[in-house]
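Visitor: Submitted below is the structure of interest, expressed as structure tokens.
The values are calculated or read from the model by the stated rules, or taken from the named source; none is laboratory data. Predicted model only: the values in this text are computed from it and were never measured. Note: ideal-geometry Cβ built from the backbone for every residue, glycine included; neighbour counts use all protein chains shown. The protein model used for the area step is the full one, side chains on, heavy atoms only, and it has no ligands, DNA or RNA in it. Shrake-Rupley method; radii C 1.70, N 1.55, O 1.52, S 1.80 Å.
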Amino acid sequence: HTLQPLIAALPKCEHHMHVEGSLSPELLFELAERNGVTLPVAEDASFASVEALYARYSRFTSLDDFLHYYYIGMSVLQTAADFEALAMAYFEKAHAANVRHAEIFFDPQVHLARGVSLADVVRGLRAASRRATAELGGMTSLLIPCLLRHLPVDDSGKLVAQLREGYWADGDEVVQEETVVQALEEAFDGQEDENSLRGALAGLGLCSSERDLPPTLWRDVFREARRHSVASAPSADSSKASLKARRGATRITAHAGEEGPADYITLALDDLGAQRIDHGIAAATDPAVMARLAKEQIMLTLCPLSNVCLRAAKSIADVPIRTFLDAGVPFSINSDDPAYFGGYIQENYNAVQEAHNLSADDWATIVRNAVRGSWCDDARKQVML
Ligand code: ADE
Ligand code: ZN
């Protein structure tokens with residue numbers, strides 16, 4: 001594998017990494033102890049030790065089997081400092097793999113249900129993001145909250161309503177002084193200007209269980225989110241005119257075609273207004289979907305190790321990398337939940353190279369498409385291209 005040093009040195013963008021999925025068993029037990037969280041050892045001996053938990057992680061049978069552990073694991077995250085430590089540990093690993101820009105998913109609904117405020121979660125994640133830029137070679141990062149499909153649709157609606165208070169209201173005026181705005185402003189210690197508050201969230205995602213949960217069920221929720229621009233596209237221009245122009249520009253990404261059928265990809269695009277698709281490997285089974293992704297240059301955020309761990313693909317060789325390259329479907333390669341699936345972004349790149357033996361030109365295409373599909377502003381993309 002003569003390309004291995006080149007692949008390690010490639011400047012990378014990561015778009016599909018759930019920060020709660022970067023919680024290692026070691027940190028999980030440490031935070032459980034510190035925060036007095038009782039793990040369900042009596043029901044499940046996998047929680048008896050770090051080693052037992054790693055052993056269980058090596059035998060996931062499906063997405064839902066994994067999600068069961070993932071949602072229990074994140075119950076140890078209680079304070080802004082916990083989220084900062086979690087994200088910082090991820091950024092350090094990402095930096096070591098030459099990640100220049102990372103877009104981080106998080107699951108607000110689960111934290112809110114546990115009584116952890118959105119302000120604490122965002123404050124912790126933003127603190128890590130700022131430190132990463134300062135301490136890790138100018139690495140940039142963006143935050144993307146995800147709506148969760150295993151909870152009632154109405155629960156997603158409530159989160160969108162809460163996010164909406166902090167951003168735009170009907171009409172042209174910026175909403176001020178709602179509870180979430182106040183909480184977030186306090187969280188930011190008054191260091192952020194009014195506009196960067198609006199830039200805290202770069203887009204809106206959809207994840208969790210997929211089987212029998214078509215994207216269409218979330219159509220009205222995403223319509224509301226788009227209409228009120230709950231997550232504005234970031235821009236260097238934070239003038240009021242620019243914010244106004246970007247109204248309705250909420251960026252949307254959705255997990256689709258991971259365990260579910262190719263049709264769900266089409267529904268995510270048409271019914272939710274998704275601009276990217278997370279996973280999307282089922283696209284390879286449907287020529288019409290492939291043609292559309294290529295024509296509209298919709299980026300898939302692939303997660304090869306995840307697909308094998310959760311049995312969405314039999315092996316890395318079965319992840320349709322070559323099919324997407326040949327069809328001109330843009331994709332990036334990502335780690336999804338690196339602490340659960342045995343590898344961060346570098347291990348995913350390495351696994352792809354080992355199974356698919358790509359050329360230097362193929363890698364140039366992948367790296368260029370990853371920059372193009374990022375949601376940072378154009379100036380940042382120019383630097384990376
Ligand atoms: N949440 C965290 N990881 C996920 C995945 N691979 N699919 C759906 N939801 C998730
Ligand atoms: Zn995911």
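Visitor: Counting only helical runs of four or more DSSP H residues, what would the 222 nm mean residue ellipticity of the chain come to if each run contributes -39,500 (n - 2.57) and the total is spread over all its residues?
Guide: On the way: 20 runs with 188 residues, N = 385.
It lands at -14000 deg cm²/dmol.
Visitor: Rounded to the nearest 5, what % of the DSSP beta bridges within the chain are antiparallel ones? Can you show the working numbers first?
Guide: Working: 1 of 28 bridges.
Antiparallel bridges: around 5 percent, rounded to the nearest 5.
Visitor: With labels modelled as points extended 7 Å from the Cα through the Cβ direction, what inter-label distance (nm, one decimal) is found for Leu385 paired with His150?
Guide: Result: 4.0 nm between the two label points.
Visitor: Hey, can you rank 359-369, 117-127 by average C-beta count inside 10 Å, highest first? The partial results should precede the final answer.
Guide: Numbers: 359-369: 15.5, 117-127: 21.7.
Descending mean neighbour count gives 117-127, 359-369.
Visitor: Using a/c under 1.5 as the rounded threshold, could you call the range 87-159 rounded, prolate or oblate? The axes a ≥ b ≥ c are square roots of the C-alpha gyration tensor eigenvalues, and prolate needs a/b larger than b/c, oblate otherwise. Before the final figure, lay out the partial values.
Guide: Values: a/c = 3.14, a/b = 2.22, b/c = 1.42.
The shape class here is prolate.
Visitor: Normalise the Cα radius of gyration of the chain by 2.2 N^0.38 Å (N = residues in it) and let me know the number.
Guide: Details: Rg = 19.7 Å, N = 385, 2.2 N^0.38 = 21.1 Å.
It is 0.93.
Visitor: On to the next question. Rank Glu210, Glu135, Glu92 by mean-square fluctuation in a GNM of the chain with C-alpha springs under 10 angstrom and give only the top-ranked residue.
Guide: Glu135
Visitor: Just the number, please: Stokes-Einstein D of the range 1-78 in µm²/s, Kirkwood Rh from C-alpha pairs, 37 °C, 0.692 mPa s. Walk me through the intermediate numbers first.
Guide: Numbers: Rh = 14.5 Å.
In µm²/s, the coefficient rounds to 227.
Visitor: What accessible area per residue, rounded to a whole number of Å², is obtained for the range 1-89 using a probe radius of 1.4 Å?
Guide: Working: 3610 Å² over 89 residues.
That works out to 41 Å² for each residue.
Visitor: Right, something else. Using a 1.4 Å probe on the protein heavy atoms, what percent of the accessible area of the chain belongs to carbon and sulfur? Walk me through the intermediate numbers first.
Guide: Numbers: 7560 of 14910 Å².
On the chain, the fraction of accessible area on carbon and sulfur atoms equals 51 percent.
Visitor: Using Cα pairs under 8 angstrom and six or more residues apart, how large is the relative contact order of the range 262-365, in percent? Kindly include the intermediate steps, with their values, before the conclusion.
Guide: On the way: 130 pairs, mean separation 25.3, N = 104.
Normalised by residue count, the contact order of the range 262-365 is 24 percent.
Visitor: In a Gaussian network model over the chain where Cα atoms closer than 10 Å are linked, find which of Glu51, Glu259, Glu43 has the largest mean-square fluctuation.
Guide: Residue with maximal mean-square fluctuation among Glu51, Glu259, Glu43: Glu43.
Visitor: In Å and whole numbers, how far do the C-alpha atoms of the range 250-385 stretch along each principal axis, longest first?
Guide: In descending order, the Cα extents are 37, 34, 29 Å.
Visitor: Let's test the formula: R0 of 30 Å, r as the Cβ-Cβ distance of Phe29 and Lys158. What FRET efficiency results, to the nearest 0.05?
Guide: Details: r = 32 Å, r/R0 = 1.07.
Once the sixth-power term is evaluated, E becomes 0.40.
Visitor: Relative contact order for the chain using alpha-carbon pairs under 8 Å, separation at least 6, rounded to a whole percent? Could the numbers behind the result be given before it?
Guide: Working: 663 pairs, mean separation 73.2, N = 385.
Once normalised by length, the contact order is 19 percent.
Visitor: Another question about this same structure. Once the Cβ-Cβ distance between Ala360 and Leu112 is put in as r, and R0 is 41 Å, what FRET efficiency do you end up with, to the nearest 0.05?
Guide: Details: r = 46 Å, r/R0 = 1.12.
My answer for the efficiency is 0.35.
Visitor: Still on this structure, I have one more. How far apart, in nm, are the 7 Å Cα→Cβ label points at Ala288 and Ala52?
Guide: Reported label-point gap for Ala288 and Ala52 is 5.1 nm.
Visitor: When the chain is treated as a GNM, springs tying every alpha-carbon pair under 10 Å, which of Asp64, Asp326, Asp270 comes out with the largest mean-square fluctuation?
Guide: In the Gaussian network model the winner is Asp326.
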